[in-house]
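The values are calculated or read from the model by the stated rules, or taken from the named source; none is laboratory data. Remember, predicted model here, so these are calculated numbers, not experimental data. Don't worry about glycine lacking a Cβ; one is built from the backbone with ideal geometry, like all the others, and counts go over all protein chains shown. With ligands, DNA and RNA removed, areas are computed over all heavy atoms of the protein, side chains included. Shrake-Rupley method; radii C 1.70, N 1.55, O 1.52, S 1.80 Å.
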Amino acid sequence: MNIGKFKLSRKWTIFSVTANGTFMSTLSAGIVNIALPTMSAQFQVDLDHIQLVVSMYLLVLTCLLPVFGKLSDLYSRKWMYLGGFIVFGVGALMGAVSKSLGMMLLARAVQGIGSSAMMATSQALIAQIFHGKSRGKAFGAIGAVVACGSLAGPAIGGALIQLWGWPSVFWVSVPICIIGVWRGIYIIPRFKAVKKAKMDWYGALCYSLTSFAFLYALNTGSASGWGSAKILTCFALSLVFFILFLRRERTSHSPFIGLDIFNIPAISYGIIVAVLGFMSLFTNSVLLPFYLTDIMHMDPIHIGALMLPFPLTLAAASAVSGALCARWPARIITTVGFVFLFISTLMFAFIGTSPSISYIILAQLVMGAGSGTFQVPNNNTVVSAAPKEKLGVVASVNALARNAGMIMGIALSVAIFTLVRKYAAAEGLETVPAFIRGYMAAMMFGALCALAGGILSAKRE
């Protein structure tokens, strides 16, 4: 179907359906983060284990993104997207009735499968619908939707947990899924595949096993012990499968991803910048709710309210940076975003034990501005540089970079926090000072990621 024949109003109507899925995914993520301290107490597990509720979702999502991205280039993006909606809703139902951490992790894995199908196709749908200057505005608008989901997540989540407990944060996704699927069936056109090619299932398997083994080891290393046989075996397997994947990519007539896309500077630079940016952002996503609970002694509804400034500035910055994409080079806008990220992570690093509410709000505002400023032009640059026949693959790899950054940011920050807090306690520090020392070390790591991302962003063309 030639979408170019559609009126601009019809394009934005189609966009609204993709925005529905994006809103649901970000809403769910924000709500679950708020619920972690409550879930930790009910399941009787510590931070090293409860963070897997977030990481398992991201891990499965990351492993499957390029698979669904490749399939979306071969088959219908419409039904790939809507199928993801349905699976995500099933995972939400499973999460709502979970009675143990194991059941919860399975539910989050199912949600990850659904979300991967949606994320792998949503950016490709937007890029296929919009062209020229309107594409930058569309990506800016989707950034604002991300902000709205993030904005609603903590506020709604805090209230739901306070009134009905943590299962309610999963129930809220169900009606959104139903509405999204119903609208999508009637609104999203069925695009024809740009290019017919065979799916390299062997290459897809090698990639998925590489990602799963590496990210699983990274996320469970702190809880299981970095020198344990399980963790070392996972790292070794990830290396073996990665070598097999590279060999397959070089020899296959129809490679799974096609590593030649990384010969395009806009794509290769954009992917690395995305990983560093989201690593910086997510060093604080799991730790901040625990800081506000354990150090500031806040309840869920107040924690949710205090986290609102971040998505507010994310929405504003996304809209502004989207409009600026047509006027300014992406490297300038993204570099400014990384400057904001660097400042905000340093502010959290030196937050101390009794900061004022205004200090926390300001740090959240600066971090939100950084997030919105760097994401939109970076996404636009990467997807716009994609060859037409690989639009789905490139969009999914871009989403993969984002989620890999989230996973590594969470895993490494929690590992640094746990290690430093442990040594601080061994030195005789009391609970609160030991917590602050670990939190500071984790935030300094986030600042280093922002600094590296800013330098790399400034050097690209």
Listed residues F282, F310, F290; which is within 13 Å of T373 (Cα to Cα), aromatic (F, W, Y) and in contact (Cβ under 8 Å) with a residue 12 or more places away in the chain? F310
Would you pick out the residues in the range 432-448 that are open to solvent by 10 Å² or more (accessible area, probe 1.4 Å), touching a residue at least 24 places away in the same chain (Cβ under 8 Å) and farther than 13 Å from L287 by Cβ? V432, P433
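Name the residues in the range 259-277 that are open to solvent by 40 Å² or more (accessible area, probe 1.4 Å) and under 19 Å from N378 (Cβ atoms), would you?
As a first pass, look at the range 259-277 and keep what is open to solvent by 40 Å² or more (accessible area, probe 1.4 Å): 259-260, 262-265, 269, 272.
Within the range 259-277, F262, N263, I264, P265, Y269, I272 qualify.
Out of all the residues in the range 263-275, is one or more assigned to a helix (DSSP H, G or I) and without any contact (Cβ under 8 Å) to a residue 24 or more places away in the chain?
Step one: of the range 263-275, the residues assigned to a helix (DSSP H, G or I) are 263, 265-275.
Still in the list and also without any contact (Cβ under 8 Å) to a residue 24 or more places away in the chain: 263, 268.
Taking every residue of the range 263-275 in turn, at least one turns out to be assigned to a helix (DSSP H, G or I) and without any contact (Cβ under 8 Å) to a residue 24 or more places away in the chain.
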Can you name the residue in the range 364-399 that is buried (at least 24 other Cβ atoms within 10 Å of the Cβ) and free of Cβ contacts under 8 Å to residues at least 60 places away in the same chain and, of all such residues, is nearest to F310 (Cα to Cα)? Q364
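Among the listed residues L451, L419, L429, identify the single one that is open to solvent by 40 Å² or more (accessible area, probe 1.4 Å) and either touching a Pro at 6+ places or on another chain (Cβ under 7 Å) or not in a helix (DSSP H, G or I) (or both). Quick ask: steps written out before the conclusion?
Values: L451 fails: either touching a Pro at 6+ places or on another chain (Cβ under 7 Å) or not in a helix (DSSP H, G or I) (or both); L419 fails: either touching a Pro at 6+ places or on another chain (Cβ under 7 Å) or not in a helix (DSSP H, G or I) (or both).
When all the criteria are applied, what remains is L429.
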Can you find a residue in the range 307-316 that is polar (S, T, N, Q) and more than 21 Å from I455 (Cα to Cα)? yes
So which residues in the range 185-210 are closer than 25 Å to C63 by Cα, open to solvent by less than 20 Å² (accessible area, probe 1.4 Å) and modelled with pLDDT under 85, if there are any at all? D200
So which residues in the range 348-363 are in a helix (DSSP H, G or I), small (G, A, S) and open to solvent by less than 60 Å² (accessible area, probe 1.4 Å), if there are any at all? A349, A363
Of all residues in the range 224-253, which are of a type outside the set (A, V, I, L, M, F, W, C) and loosely packed, with under 14 Cβ neighbours inside 10 Å? G225, G227, K230, T233, R247, R250, T251, H253
